[in-house]
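**Student:** Here you go, one structure.
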Amino acid sequence: MSSVDQDVEEILYTEDEIKQRVAEIGAALTEEYAERAARGEEIVLISVLRGAAIFMADLAREIKLPVEMDYMAISSYGSGTKSSGVVRILKDLSSEISGKHVIVAEDILDSGLTLTYLLKNLASREPLSIEVATLLRKNTKAQAKIDCKHVGFECPDRFIVGYGLDYAEKYRNLPYIGVLKPEIYQ
Ligand code: 5GP
Ligand code: MG
Ligand code: MG
């Protein structure tokens, strides 16, 4: 066991479970977008740095269609564990999305404040369509209503790290998803 593993109280989803679920979502997206791709319509995968980058990298390779990949950085969490509700664009997309199909790859939906802001912002750029694939959705009552077509796992309302998710920029490189020991952030 490495020192980072020792900071994890419980493993929720193993590397294999994540791999399998991401493959399923990729297969579903491949089927869903095949006709649009055949018509020559462009598909762009967008992720919000930095948490969703690992999920999107793996998901992209499970989508057997031509897709662009683009990234945005927005501030929401800082190094704490609760959403601030304050959202600011730190880095915008590199390319235009108007006239393209957008798939937003999210790491985790908690309060939904971040995604609500993002979807409104992206919709104003007139894409052909937008949908969300989130790896995790927290089981919490205080969540904005967001239509997520693809959800990897419905997870408990605990502070989670790994597979892209950090605490104070650590633990993103864990290959599994787990619950951080509360004493680490208390
Ligand atoms: P929301 O705005 O939905 O409350 O939170 C969105 C962002 O907060 C997520 O994309 C993620 O970056 C971060 N976040 C929410 N819950 C957790 C969590 O349990 N662990 C970690 N590491 N980040 C979280
Ligand atoms: Mg995120
Ligand atoms: Mg974070």
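Read-outs throughout are calculated quantities, based only on the coordinates presented, and are distinct from any laboratory measurement. Predicted, not measured: the structure shown is a model, and the values here were computed from it. So basically every Cβ, Gly included, is an ideal-geometry build from the backbone, and we count neighbours across all protein chains shown.
**Student:** How long is the gain from Lys120 to Ile11 if the chain were fully straight, where each residue apart is worth 0.36 nm and the alpha carbon distance is subtracted? The partial results should precede the final answer.
**Tutor:** Values: separation 109, 0.36 × 109 = 39.24 nm, distance 3.41 nm.
This chain segment gains 35.8 nm when fully extended.
**Student:** May I ask for the net charge around Ile43, where only other residues with Cβ less than 12 Å from the Cβ of Ile43 are counted and Lys, Arg are +1 while Asp, Glu are -1?
**Tutor:** Neighbour charge sum, excluding Ile43 itself: -3.
**Student:** Taking only DSSP H segments of four or more residues, each worth -39500 (n - 2.57), what value at 222 nm results for the chain once the sum is divided by all its residues, to the nearest 500 deg cm²/dmol?
**Tutor:** Values: 4 runs with 47 residues, N = 186.
Computed ellipticity for the chain at 222 nm equals -8000 deg cm²/dmol.
**Student:** With the cut-off at 1.5 for a/c, could you classify region 15-157 from its C-alpha gyration tensor as rounded, prolate or oblate? Numbers along the way, then the final one.
**Tutor:** Numbers: a/c = 1.80, a/b = 1.24, b/c = 1.45.
In terms of gyration-tensor shape, oblate.
**Student:** Moving on. Summing +1 for each Lys or Arg and -1 for each Asp or Glu, what net charge is found among the other residues whose Cβ lies under 9 Å from the Cβ of Arg172? Walk me through the intermediate numbers first.
**Tutor:** Working: positive: Arg50, Lys170; negative: Asp166, Glu169.
Around Arg172, the charge tally is 0.
**Student:** Could the peptides 62-71, 160-169 be put in order, highest first, of the mean number of other beta-carbon atoms found within 10 Å of their residues? Could you put the intermediate results ahead of the total?
**Tutor:** Working: 62-71: 16.4, 160-169: 20.6.
Per-residue mean Cβ counts within 10 Å order the peptides as 160-169, 62-71.
**Student:** I need to check one value: relative contact order of the chain, counting alpha carbon pairs closer than 8 Å and at least 6 residues apart, in percent.
**Tutor:** Numbers: 351 pairs, mean separation 45.6, N = 186.
Normalised by residue count, the contact order of the chain is 24 percent.
**Student:** List Ser129, Ser47, Ser98 from most exposed to least, where exposure is judged by having the fewest other Cβ atoms within 10 Å.
**Tutor:** Numbers: Ser129 13, Ser47 26, Ser98 9.
Final ranking by Cβ density, sparse to dense: Ser98, Ser129, Ser47.
**Student:** Between the alpha-carbon centers of region 1-33 and region 89-150, tell me the distance in whole angstrom.
**Tutor:** 20 Å
**Student:** Which of Lys91/Lys170; Lys120/Lys145; Lys64/Lys138; Lys64/Lys145 have a Cα-Cα distance over 24 Å?
**Tutor:** Working: Lys91/Lys170 21 Å; Lys120/Lys145 13 Å; Lys64/Lys138 29 Å; Lys64/Lys145 30 Å.
Result: Lys64/Lys138; Lys64/Lys145 exceed 24 Å.
**Student:** If Lys and Arg each add +1 and Asp and Glu each add -1, what is the summed charge of the other residues whose beta carbon sits under 11 Å from the beta carbon of Thr140?
**Tutor:** Details: positive: Arg137, Lys138, Lys141, Arg158; negative: Asp110, Glu154, Asp157.
Neighbourhood net charge equals +1.
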